[in-house]
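Here the structure comes first, spelled out in structure tokens, and everything after it is commentary.
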Amino acid sequence: MHIKGELRVRYGQATSAGVKPQNEDCLGIQIPDSDLLATKGLVVVVADGVSAAEAGKEASEFCVKNFINDYYSTPETWEVKTAAHRVLVSLNRWLFSKGQSLADERRGYVAAMTAVVLKARSAYLFHVGDTRVYRFRDGDLEPLTQDHHTWVSKETYYLSRAMGMGISLDIDYRKTGVKPGDVLFFSTDGVHEHVKSSDIVAKLADDVTEPDVLCQQLIDLALANGSQDNLSCQILRLDDLPDASSTDIYDALSRLPFPPDLKVGTSLDGYQVEAVLHESSRSQLYLVRDMETGQRMTMKTPSVNFSDDAAYIERFIMEEWIGRRISNAHIVQVVEKTRAPQCLYYLMEHVEGKTLAQWMTENPSPEIGVVVGMVQQIVDGLRSLHRRETLHQDLKPDNIMIQPDGVVKIIDLGSAFIAGIHETSVPFERGQNLGTMKYSAPEYKLGRRPNTRSDQFALAMIAYELFTGGKGSPYGEKFADAQTLRDFSALNYQPAARYNPLVPTWVDGALKKALSINSELRYEVLSELIADLKQPNAQFLESGNLPLIQRDPLRFWKGLSAVLGVVVVVLLWLLVS
């Protein structure tokens with residue numbers, strides 16, 4: 001029985017060498033299991049080895065097999081565009097380098113290629129060469145790709161782009177919507193150059209004949225029309241697609257009940273509560289002990305206040321999902337459950353120590369080097385998230401732990417933005433900003449899409465607070481009230497040295513850049529921020545009009561000490577005299 005709102009497709013393909021002795025075309029499709037299908041989608045690929053190349057057959061097979069394998073090996077948190085593009089660039093470099101090893105007169109490993117990733121209700125197209133994909137909808141056949149040909153006459157052209165043709169890859173990308181009833185048709189030039197569009201339409205309109213049979217009929221027609229090339233085609237019928245208005249997603253999210261508030265001494269699924277670490281309106285944290293192994297862990301449970309909030313439930317589940325896919329010394333590690341859970345919760349390593357907020361209260365005047373070291377560790381954790389196209393979105397001192405050995409850990413991923421998950425359709429509205437306004441970048445209030453530089457802004461806010469002992473704010477009290485671009489543009493940066501004269505000018509310069517209102521003016525990568533915090537950047541030292549205490553605090557205090565020393569000597573001499 002078919003449930004409305006589920007993915008349901010019919011697929012067929014056929015290929016033939018035709019009149020040629022060897023078939024250099026290759027076709028492929030991969031429909032993964034339900035979990036991977038939701039995060040990565042299904043993939044269809046067609047490739048046509050260039051006959052003038054020495055290894056066209058090997059190139060087309062390499063493109064199809066390795067694109068499918070490598071795409072599904074990329075992190076599930078990546079967007080389709082990012083994952084596919086990185087795979088294609090890697091494949092192209094391998095093909096080109098392999099071709100370079102052949103004799104000069106041969107063109108090597110070259111193939112035209114078209115790949116489509118179908119995820120939710122969108123088709124993501126990646127195309128280079130003269131293979132094609134069409135969309136058949138409501139009786140109309142629409143080409144979704146454009147051949148990469150360079151014409152030298154009315155009858156003669158050559159392929160201008162292909163996989164393995166050069167060290168760099170210029171590939172067409174397109175995202176387009178699909179709906180139930182659509183048909184995607186893939187073909188190599190041996191088919192579409194010898195079959196009329198009206199004949200293709202007639203076959204695709206036949207909803208009764210099996211797709212494999214229709215593909216073979218189109219190949220036979222192309223051969224009858226004089227095709228001299230290899231021939232391949234694929235048909236993908238989209239009988240039904242995930243429905244964003246369906247309640248199936250919500251049902252899947254809420255299949256486990258929320259646990260009740262737990263007390264010290266009670267147990268859940270064999271985990272006994274030893275202490276209540278934190279309670280809020282959104283969640284609870286407990287120190288628990290596995291009654292079988294004795295291992296101590298932190299259990300996080302959702303608040304019953306949100307038991308009917310699908311967006312909250314999804315975010316809670318995603319928090320564990322992210323944690324299981326990130327392995328970094330500065331991100332709290334999720335612990336795999338050894339028993340089937342009866343309620344909705346997840347387990348983490350128990351982090352001993354204190355929050356950064358507590359540490360700041362106890363250390364109002366930390367050394368510059370200590371602060372830079374902490375920022376470096378936070379950056380290491382952030383970069384592990386950013387590499388998987390995941391934004392933290394709620395960096396603040398309360399979400400950062402300092403262990404007794406000085407190791408810094410980010411402990412809360414509840415507000416993270418996951419690019420790959422955000423592409424999936426859901427029957428509810430996802431919250432865009434769940435962070436703390438005091439540390440949030442202006443783009444959140446301005447309704448602009450955040451990026452890695454948004455996390456950089458929050459990190460710089462924390463660093464500023466550390467350097468100044470929490471005495472001041474980089475933009476004063478007006479920052480919290482700013483709502484429009486005009487409001488933010490009227491703000492002026494307040495140097496950290498105003499509140500702590502020991503902050504070097506170059507450190508202030510680095511903070512000012514990372515805290516730019518315009519995200520484009522911030523550091524491109526976090527490693528550049530760390531470099532400028534550790535060593536003076538010349539562009540931040542061109543401030544001759546600044547007082548010496550801001551330009552070179554160490555020199556200022558040495559000079560002041562020397563002057564005071566002379567004064568003391570003079571006073572002693574006068575006293576003795």
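Read-outs: derived from the displayed coordinates by stated rules, not from any lab. Not measured: the values here are computed from a predicted model. Note that each Cβ is placed from the backbone with ideal geometry, even for glycine, and that neighbours are counted across all protein chains shown.
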> Assuming R0 = 56 Å, what is the FRET efficiency of Ala538 and Ala17, from their Cβ-Cβ distance, to the nearest 0.05?
Replying inline: 0.30
> Given H placed 1.01 Å from N in the peptide plane, which residues other than close sequence neighbours of Asp182 have an amide H under 5 Å from its amide H?
Replying inline: Leu238
> Straight-line reach from Lys396: which aspartates and glutamates have Cα under 12 Å away, leaving out those fewer than 8 places along the same chain?
Replying inline: Asp412, Asp455, Glu465
> Roughly how many debye, to the nearest 20, is the charge dipole of the chain about its Cα centre, given +1 on each Lys and Arg Cβ, -1 on each Asp and Glu Cβ, and no other charges?
Replying inline: 1740 debye
> What's the tally of Lys pairs in region 13-240 whose alpha-carbon atoms lie under 26 angstrom apart, where the two lysines are 8 or more places apart or on different chains?
Replying inline: 28
> Add -39500 (n - 2.57) for each DSSP H run of 4 or more in the chain, then divide by its residues: what number comes out at 222 nm, to the nearest 500 deg cm²/dmol?
Replying inline: -10500 deg cm²/dmol
> Lys/Arg Cβ at +1, Asp/Glu Cβ at -1, dipole of region 326-430 taken about the Cα centre: which of Leu356, Val370, Leu391 is farthest positive-ward?
Replying inline: Leu391
> Cross-link partners among lysines for Lys263, C-alpha distance below 20 Å, same-chain residues fewer than 8 apart left out?
Replying inline: Lys300
>> To make sure I understand the rule: partners must be lysines, Cα under 18 Å from the Cα of Lys534, and not fewer than 8 residues away in the same chain. Which ones qualify?
In response: Lys512, Lys513
